[in-house]
Structures are given as structure tokens and as C-alpha cells.
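S.K.: So that we are looking at the same thing, I have put the structure below in C-alpha cells.
The values are calculated or read from the model by the stated rules, or taken from the named source; none is laboratory data. Keep in mind that this is a model prediction, so the values were computed, not measured. Note that we place each Cβ from the backbone using ideal geometry, even for glycine, and neighbour counts take in every protein chain shown.
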Amino acid sequence: NAGVTQTPKFQVLKTGQSMTLQCAQDMNHNSMYWYRQDPGMGLRLIYYSASEGTTDKGEVPNGYNVSRLNKREFSLRLESAAPSQTSVYFCASIPDRVTGELFFGEGSRLTVL
Amino acid sequence: AQSVTQPDIHITVSEGASLELRCNYSYGATPYLFWYVQSPGQGLQLLLKYFSGDTLVQGIKGFEAEFKRSQSSFNLRKPSVHWSDAAEYFCAVGEGYQLIWGAGTKLIIKP
């Protein structure tokens, strides 16, 4: 009963390096989201995927790209990391808009030096 | 503009004392309202939600919240806190990818 699984949990990058955060859910949910969490700012939506094959920008998409590989997996890529992207990243999935409950992964802490 | 305000960044309460965490919102329509809890190093977990009906909603772990339309508030309460309640609490308003999040309130429990 894994729920939402994110990898890696921790990562340190140098400015300009690239990396991909992986997310997979085993609950057969249609929608998946990527958030970043910064102190005092709550959660900010980076990208979301309402269904397999679709992706859309959220509040803070600059510097990121996403891929909805299939219904289970939604990855977040940083092509050229910047110190401003130091944050904790959360993947979440939601079965449908009526239910409303988001199911979160445990987060990925990224530090960009 | 739509927004969610959690006025208290930190709250410290003694174990066994009552708790109230405040949430105020600005939203065009009657919103869906949520409280989530984040334990240290963990993801967020839903505590409770309000969609319609009875304005006093019960959640997990003994928490409840009351929706007051006239005050645009959705405050979270617990009669007696336990050390395991130490966490960060987030209020959110809206639905799906349009959820608006508060900045969070960190709850510290004094033994």
C-alpha cells in the first residue's frame, strides 16, 4: 500500500546541473501535481496533469518541465538548476475534483549550491 | 484576489490544553475548505474538509473545524492536545489544481 512514492528524497546539485524528480502513485488517480514548499509560503503549484497525456502550468512553472509518462508516473525536471530552486518538492495525486483530497508523497529536499 | 491567511506562524500550547488554529480566506464563491497536517519530514495528510451542510466538521485524530461564512473563517480546534500533535498545519481553500494554500502554522507542544 505505497500510495505516492517520490525519489530521490534528498539531492544536492551545483548551479547549472540538471536532474529529474520521479513520482509514482498506485491508487489509479487521474490527476497528479507537483508543488514546491518554501518556509512561510505554503505550497505553490509548479505543474499539474489533469489526466494521462495532459500537463499544464501552475503558479510557478519557470525553470521546470514535466512529463506524465503514464497514469502512474509524473516526473519533474530541472534543466539548469538555480539556487532559487532550493526547496522541498512534493508530488500529490487526487482521484477526482469532487472528492477533493490530495494524497502526498513524502517530499524531495533539493539543495542547489 | 483569492487568498488564505493563517495569522499565526507558530503556536505553543501545553500538552492537554485546548487548541485553536485560525484560518481566514478571501474567495469569490462558497469554497471547499480543507485542513492538512504535516509531521516533520513527511508529506501532508488530510485532517478534515468542508464541502457543504453542517458547518461543524469532524476529522481524524480528534480534530474539528467550524465554517463561519460571515467571518470567512474555518478555524481548527482540538479539546486536548497530545505531544504527537506537534506538526505544521495548513489551511487550503478551493479545489483540485486551483487550491489556495495558507502559509502554515507550526504547533509546538510544551510538556
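S.K.: Assigned to a strand (DSSP E or B), more than 14 Å from chain A (Cβ to nearest Cβ) and buried (at least 21 other Cβ atoms within 10 Å of the Cβ) - does that describe any residue in region B:36-55?
M.R.: No - not one qualifying residue is present in region B:36-55.
S.K.: Taking the condition away from chain A (no Cβ under 14 Å), in a loop (DSSP other than H, G, I, E, B) and farther than 30 Å from A:T7 by Cβ, does B:S80 pass?
M.R.: yes
S.K.: Ok, one more. Among A:S67, A:S75, which is part of a strand (DSSP E or B) and either of a type in the set (V, I, T) or over 20 Å from A:R109 (Cβ atoms) (or both)?
M.R.: A:S67
S.K.: So if I check each of A:G40, A:G53, which one is farther than 26 Å from B:Y89 by Cα, at pLDDT below 95 and not in a strand (DSSP E or B)?
M.R.: Only one candidate qualifies: A:G53.
S.K.: Would you point out which residue out of B:G104, B:G59, B:G16 is of a type outside the set (A, V, I, L, M) and within 11 Å of chain A (Cβ to nearest Cβ)?
M.R.: Only one candidate passes the filter, namely B:G104.
S.K.: Something else: Please enumerate the residues belonging to region B:83-101 that are closer than 17 Å to B:Q38 by Cα, within 14 Å of chain A (Cβ to nearest Cβ) and not hydrophobic (A, V, I, L, M, F, W, C).
M.R.: Of everything in region B:83-101, those that are closer than 17 Å to B:Q38 by Cα, within 14 Å of chain A (Cβ to nearest Cβ) and not hydrophobic (A, V, I, L, M, F, W, C) turn out to be B:E88, B:Y89.
S.K.: Select from region A:60-98 the residues that are within 11 Å of another protein chain (Cβ to nearest Cβ) and loosely packed, with under 14 Cβ neighbours inside 10 Å and write down the one among them that is farthest from A:A2 (Cα to Cα).
M.R.: Checking each candidate, the answer is A:V98.
S.K.: Go through region B:19-30 and report how many residues are in contact with a Ser or Thr (Cβ under 9 Å, 6 or more places away or on another chain) and in a loop (DSSP other than H, G, I, E, B).
M.R.: Going through region B:19-30 one residue at a time, the tally reaches 4.
S.K.: Going by what's in this entry, would B:Y89 be described as over 15 Å from the mean Cα position of the chain (by Cα) and of a type in the set (F, W, Y)?
M.R.: When the stated conditions are applied, B:Y89 does not pass them.
S.K.: Residues of region B:27-45 being touching a Gly at 6+ places or on another chain (Cβ under 8 Å) and at pLDDT 95 or above, which ones?
M.R.: Once the filter is applied, which keeps residues that are touching a Gly at 6+ places or on another chain (Cβ under 8 Å) and at pLDDT 95 or above, region B:27-45 yields B:F34, B:W35, B:Q38.
S.K.: Among the residues of region B:7-34, how many are touching a strand residue (DSSP E or B) at 6+ places or on another chain (Cβ under 9 Å), farther than 15 Å from B:K68 by Cα and in contact (Cβ under 8 Å) with a residue 40 or more places away in the chain?
M.R.: Within region B:7-34, residues that are touching a strand residue (DSSP E or B) at 6+ places or on another chain (Cβ under 9 Å), farther than 15 Å from B:K68 by Cα and in contact (Cβ under 8 Å) with a residue 40 or more places away in the chain number 11.
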